[in-house]
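Some notes on the structure that comes next.
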Amino acid sequence: ALAAGAVTSRAAALTAAAGRRKAEASVRRGVHIILRDSEGTQKAFWLGAGTKDLRMGRYPVIPVDAVLGLPYGATLRRSEGGQWSRLRRCTQDSGAVAASEVTADADEVYESNRHLAQDNSAQALSPSEVSELKGRCSGEAVVEALANNSATFASKTKFAQEKYLKKKQQKHVQQVTLLRPTVMELCETYMKQSRNKVCGLRFDYLSSVLCQADVRAGGRYLVLDSACGLVVGAMAQQMAGLGQVFRIYRGGCPEKALQELDLGSRKAAVRQLPVEVLQSSDPWSHEWLRQPADGAGADGEAVAAAATEEERARLAARQDKARARREVMADLEARPVDALIIVAGDEEADLVAEVLEVALPRLTSGGRLVVYGQHLQPLAARQGAMRAGGDFVDVRLHQLFTREYQVLPQRTHPIMTADAMLCEGFILSATKIIDEDGANGTGQAEADAAEPSKKRRRRG
């Protein structure tokens, strides 16, 4: 009986886990979602309880009911009647398709489109007629009409015909793809919307920053993130909420990416701390850490002195907030951090210098320093000072290059219309060491730069 009960409970637990995984794999309320249209434009949405419609560019509104319950990766297409419905993928015999492609490729190896004129005179439909078709027909019908009225479509090679149809579908067919808000998708979305807000941080640079800093569960990291919270969000996700990420900021502290990643309890690993507190000679007396009840006696007396229940609740909330801030500061001063990560924009050079001045003494021996910037010269100058100072080893400045390829039979090549993505950013990385006398010489690089005659032996 006991064995049968254990088997039954285990089966119930497995069924419940499978149900949770299935629910997490589909779109539901209370989460964020990314929509990608046929032209590649992406936009993030919050599916709250009051969300009814989603607006994507020039497309008609998409009812949220058409999105709920669908799996991530599904595609919605607007039909001729104006309804948004899921586009089902065609299932064909893969062997027959592969054989037909091989035969077609063998037949069309030597064909080309050199004899076709590129003067835009092959299309018989005028722009006004195309606009009229778009008003009363579906996107697929418009593409079919354009192909039928093209004088050169039939004489094109098979590859050129596929390219022509794909290009016209991107322009005239209204469809969106449902994407999960992963770190890579959010990074791509922000880069397409406004790259300056994320400091031009591509996904490959973001992954390299996490790798260079050795971000892992249980680690302690000090971060300056000016990329809308994208860096600290990726760190909290990679750490699974285990560890501490102290985010330094000045003025505002945007959390756009931190919210749209839907981290849940993992978000608690990120703690915010203004840089003015670290620059203060006595951080504990700073206004940011000051208890709101200091001028009215102890906490309990201040709460009792409040006139109304609303005022008492407001005062208690301020006291809890101040207490949480003091806990963050105590955790930071408990022991050194494992890595210092800086991702800042072009106009924040002064802030980067100030953060390095106050944060490097808090970096443990053997800890990693990773700085991302969009320009070479400031990072190259800092690299030279760090190499000359002798406080860092493995001082490297590197640049990444990423190119997207089209992978198709007999036409695999780089995407011809893609950006070259040259000189998109640079990463300076180094490892902190201990001086000969056993002390952390974090300020030696600046001293050596000021007094060249007193430079010590070069370490890295």
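The values are calculated or read from the model by the stated rules, or taken from the named source; none is laboratory data. Everything quoted here is computed from the prediction, not taken from an experiment. Cβ atoms come from the backbone with ideal geometry, glycine included; neighbour counts cover every protein chain shown. Accessible surface is based on the protein model in full, side chains and every heavy atom, while ligands, DNA and RNA are left aside. Shrake-Rupley method; radii C 1.70, N 1.55, O 1.52, S 1.80 Å.
A few remarks follow.
- Calculated FRET efficiency for the pair SER26/ARG88, C-beta based, R₀ 22 Å, to 0.05: 0.85
- For segment 312-361, with +1 on Lys and Arg beta carbons and -1 on Asp and Glu, the positive-most of ALA339, LEU360, ALA316 along the dipole: ALA316
- For segment 207-360, the Kirkwood estimate of hydrodynamic radius, built from reciprocal distances between every pair of different alpha carbons, is 16.9 Å.
- With a 1.4 Å probe rolled over the protein heavy atoms of all chains, the accessible area of LEU363, LEU125 falls in the order LEU125, LEU363, largest first.
- Average accessible surface for segment 142-268: 41 Å² per residue, computed with a 1.4 Å probe over protein heavy atoms with every protein chain in place.
- For segment 191-206, 3J(HN,Hα) computed residue by residue from phi via the Karplus equation (6.51, -1.76, 1.60; θ = phi - 60°) reads 5, 7, 7, 7, 5, 5, 5, 10, 6, x, 7, 6, 5, 5, 5, 4 Hz, glycine and proline entered as x.
- From phi via Karplus (6.51, -1.76, 1.60), per-residue ³J(HN,Hα) for segment 143-159 in Hz, x at Gly/Pro: 5, 5, 5, 5, 5, 5, 9, 8, 6, 10, 5, 5, 8, 6, 6, 4, 5
- Cα-based reach from LYS192 at 19 Å (exclusive), listing lysines while leaving out same-chain residues under 8 positions away: LYS43, LYS171, LYS256
- Charge tally in the Cβ shell below 13 Å around ASP350, where Lys, Arg are +1 and Asp, Glu are -1, ASP350 excluded: -4
- Loop-located GluC sites (Glu not before Pro) in segment 304-356 (DSSP state other than H, G, I, E, B) with a sparse environment of at most 10 neighbouring Cβ atoms within 10 Å are absent.
- Taking the Cα centre of segment 121-238 as reference, the dipole from Cβ charges on Lys and Arg (+1) and Asp and Glu (-1) amounts to some 140 debye.
- For segment 244-402, the fraction of 1.4 Å probe accessible surface lying on carbon and sulfur atoms is 49 percent.
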